[in-house]
Amino acid sequence: MSPANGNRSKVLKASEADVLPKPAMRRALYDAFFTNLAHVLPLVDRKELESSDSSVLLQQAVCLAGSLLRHPNLPDSFSRTNAFYEKVKLLLCLDTEPDMLSVIKALCILTLWSPHSPETVSLNGAWHATGSALRLAIQMGLHQNSTYEAASDAKSRRRIWWFLYASDCAHALITGRPPMLRPADFDVSPLTLADFDDQQDEAAKYFIADVSLAHIMGQLASRLRDQHADEGEGCILELLVEWIDKLPPELNLFSSTGQKNPYSFPATELHICYFGVVILSQALTHQREKGWLCSNVCLVSSACITHLYEEILYREQVALLTSMHPFWCLIAALPLFYCSTDTASIEKQRRESLDALRAVIQQLSPRHGLARTVTRKLLRLDRLRTDIISQQTTLVGDHPKLTAIPNHFEKAQHIDELFPQLRMWLASHDVFIQNTILEKVVESIELTERQSHHEATTENVHSVFDALGASAFMDSVFDDNYLDEDFSFDLSPSL
């Protein structure tokens, strides 16, 4: 035995990194992974884990993912997941796995683990895992379409590539950092159902739709960083309209007749991301309009996101949400802080919606660092809003009005195109969303549609923050340092 192999054996013996959980626990964690994450990570076949020569690295990685789905309030929840993470990381560092496909799958799974806030400089987290996996993928030639022509496992490799591309796009939007990949850097054909063994599986259709939406996120992230963002507004809206129009029927929340489809966690999660991107797409107008966050589109999207999170809360499925969801909670909360309210019922609805979003964030906080950052952000926004409302009341002597709706700069067709089923939802007997803010928005839209073009107001939209010149604070949400003002450094291997 060489000295290097001898030292490796000693480290493995001391750390027990290659020691798997008991069979019963292992099966339970595998079940959790394949039941709840197969639509997000369709990269691992259960047969890979149960054969006699299965990769220990890949098995530990799947156990890590499965443990993330346990209830966060269990006393050993974080420590158990962290122990799996330490084992996976050590196995990677010791280079124990000769099969690079198993290595890259393990790295893909590590993108689920994000214990630190994104503003913390650390080697532990989803952003670094995505970068490492992408570099390995490029080394393996997965960015070239010719690589797949002779590969017997081409389907699996293509899913890996598109998963990593989607992850890169999502992190570019969430963190504000430049993406590692540009579409011009690879020529891999788009995913189709032929890339899946079961082409009728809802998980396959979800994954294709998710990757397509992530591509829009990447385009949006690029436009938000671009000084000439106005040029991309129409393009992003067109991409979103096309995406929702082509969504498979089984992934829609409602049927074409307006009947609510049976609850589906993947479909719910997918629509949360969609409505979040819709809100962010409105940021492309912020250089022209100060009140973009309280536009009709933003308020409708916020109401829809809040309701979908309530559905998840009622089913106690928050533990199944991935690490990006604190970001979507923040995006959904922004219009609720930004808009002003003119009745007690609307203010009550605003507070209830924020409470639902906070409940999701609270449950995600023990495992996902971004949730703790978002909690601090919401506290600051709440204090700022309270101060401004107090000053407005003193200056104006009246309760601030919901002046955000109706407004002149929105095109009416955007509502119908971005929310094609909205009117059917509200008209159905089994009302999808009982939300006072949403009802107010829809009423204002219908009123605007009845008015002629000449009767439309030309007054700029103003929000509660605009009254005292505070809108710049909200614009800073999308600066590079939107996550927090304080940066800390953590390069330690332990968490």
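The values are calculated or read from the model by the stated rules, or taken from the named source; none is laboratory data. Owing to the predicted nature of the structure, the values given are computational and were not obtained by experimental measurement. Please note: Cβ atoms are built from the backbone with ideal geometry, for glycine as well, and neighbour counts cover all protein chains shown.
Points to keep in mind about this one:
- Every residue from the stretch 310-328 that is assigned to a helix (DSSP H, G or I) and either closer than 21 Å to residue 373 by Cα or in contact with a helix residue (DSSP H, G or I) (Cβ under 9 Å, 6 or more places away or on another chain) (or both): 310, 311, 312, 313, 318, 319, 320, 325, 326, 327, 328
- Pairs meeting the criteria (first residue in the stretch 31-46 and in contact (Cβ under 8 Å) with a residue 12 or more places away in the chain, second residue charged (D, E, K, R) and part of a loop (DSSP other than H, G, I, E, B), beta carbons under 8 Å, at least 6 apart or on different chains) are 32/70.
- Of the residues in the stretch 159-173, at least one is within 23 Å of residue 102 (Cα to Cα) and among the basic types (Lys, Arg).
- Scanning the stretch 255-281 for residues that are of a type in the set (D, E, K, R) and farther than 19 Å from residue 208 by Cβ yields a total of 1.
- Scanning the stretch 383-397 for residues being modelled with pLDDT under 75 and assigned to a helix (DSSP H, G or I) gives a total of 6.
- Residues being surrounded by fewer than 16 Cβ atoms within 10 Å (Cβ to Cβ) and not small (Gly, Ala, Ser) - total across the stretch 187-208: 9
- Annotation: residue 271 fulfils all but one of (1) in contact (Cβ under 8 Å) with a residue 40 or more places away in the chain; (2) within 19 Å of the chain's Cα centre (by Cα); the unmet one is (1).
- If you filter the stretch 309-349 down to residues that are farther than 30 Å from residue 130 by Cβ and of a type in the set (A, V, I, L, M, F, W, C), you find that the one that is surrounded by the fewest Cβ atoms within 10 Å (Cβ to Cβ) is 344.
- Test: residue in the stretch 245-258 that is of a type in the set (A, V, I, L, M, F, W, C), outside the structural domain of residue 31 (by TED's automatic domain parsing) and touching a Gly at 6+ places or on another chain (Cβ under 9 Å): no
- Any chance residue 58 is touching a residue at least 60 places away in the same chain (Cβ under 8 Å) and not in a loop (DSSP other than H, G, I, E, B): no
- Qualifying residue in the stretch 146-156 (condition: among the charged types (D, E, K, R), without any contact (Cβ under 8 Å) to a residue 60 or more places away in the chain, surrounded by fewer than 23 Cβ atoms within 10 Å (Cβ to Cβ) and closer than 22 Å to residue 109 by Cα): yes
- Test: residue in the stretch 68-79 that is among the hydrophobic types (A, V, I, L, M, F, W, C), in contact (Cβ under 8 Å) with a residue 60 or more places away in the chain and crowded, with 18+ Cβ neighbours inside 10 Å: yes
- Test: residue in the stretch 213-232 that is under 21 Å from residue 312 (Cβ atoms), modelled with pLDDT under 90 and polar (S, T, N, Q): no
- Selected residue (criterion: modelled with the lowest pLDDT) from residues of the stretch 255-298 that are of a type in the set (D, E, K, R) and surrounded by fewer than 16 Cβ atoms within 10 Å (Cβ to Cβ): 288
- Qualifying residue in the stretch 236-254 (condition: crowded, with 17+ Cβ neighbours inside 10 Å and of a type in the set (Asp, Glu)): no
- Count of the stretch 350-392 residues which are aliphatic (A, V, I, L, M), surrounded by fewer than 17 Cβ atoms within 10 Å (Cβ to Cβ) and under 20 Å from residue 77 (Cβ atoms): 1
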